[in-house]
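Step one of this worksheet: look at the structure below.
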Amino acid sequence: MRVDAIVYFFWISLTVSGCLALSLRRAHQLHFPLDLFFSITGWLLIAVPVGARLFHVFYEEPAYYWESPIRILQIWRGGFVYYGGTIGGLLFCLIYFLKPRERTFWQTADFLTPVLCLGTGVGRWACFYQGCCFGRELHTFWAVHGRHPTQLYTFFWEFLLFFLLLKFEKKHWKDGSLFLFWISASAFGRFIVEFYRADFRGDMILGFSVSQIISLGIILLSGLIFGMKNFKTQIVSRQ
């Protein structure tokens, strides 16, 4: 295994471990059910990387893996897609919460949101160390090896969102509002950063990358859900 791959997985491991510790602390502070906490985080540790891997395999380089399917298991060679992990995690949660739990899907999403945001940003340092997700050529003082440090752009954006989320949480944003704000704001940041990326991420569609199209879909869908939830709340409050 290459040194950069070791550093990548080491950093990801540290990030995940730190996020789990922070989530556990929040669970105690916010009186979130511990059995639900351990159950949902345990399953997400499986669903997210599996989704991230499968999206890469079946979209970005299907021919490469079709030649030798055993390569799918060679994760040390890289090949994870952020939105694949997001979709995998969301699909699992939607299925998981079909059965009544101690907290609803939206309550659990709001609880996890600040930590997911922080993990998304800090995790990008792994990409920075490995050199993946690199940007286009840039000739200015903040360039890194002559390129846009797109990994760090994402880190700073998510770091800003993290503090905004903590502020909004204190204002008692609930019933999914915190989660919907983050996922749409994060998608907006991803949409912008994609313009500065130079690594291969699949075929372009109408001049946009697949990640940008997914970002737009997330922004529109989260906005629609937010509007519907608020409209429902207003109707109920008037009754």
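Table for the structure above
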quantity: Identified option (computed mean projected area of the Cα convex hull in nm²; candidates (i) 12.3; (ii) 15.4; (iii) 13.6); calculated: (ii)
quantity: Simple spin-label estimate for His172 and Phe10 in nanometres, 7 Å along Cα-Cβ; calculated: 4.7
quantity: Max mean-square fluctuation residue, GNM over the chain, Cα-Cα springs under 10 Å, options Tyr83, Tyr96, Tyr196; calculated: Tyr96
quantity: Phe195-His28 pseudo-label distance in nm [points 7 Å out on the Cα-to-Cβ vector]; calculated: 4.5
quantity: Most mobile listed residue (Arg124, Arg147, Arg197) in the chain, GNM with C-alpha springs under 10 Å; calculated: Arg147
quantity: Neighbour-limited loop hits for GluC sites (Glu not before Pro), the stretch 47-155 (at most 15 other Cβ within 10 Å; DSSP other than H, G, I, E, B); calculated: Glu102
quantity: Helix 3-29 axis, angle to the chain major axis (alpha carbon atoms, nearest 10°); calculated: 10
quantity: Helix axis angle, 82-96 relative to the chain longest principal axis, alpha carbon, degrees; calculated: 30
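Only the coordinates and a few stated rules stand behind these numbers; no lab work does. Everything numeric here is computed off the predicted structure, so don't read it as measured data. For neighbour counting, all protein chains shown are included, and Cβ atoms are generated from backbone atoms with ideal geometry for every residue, glycine included.
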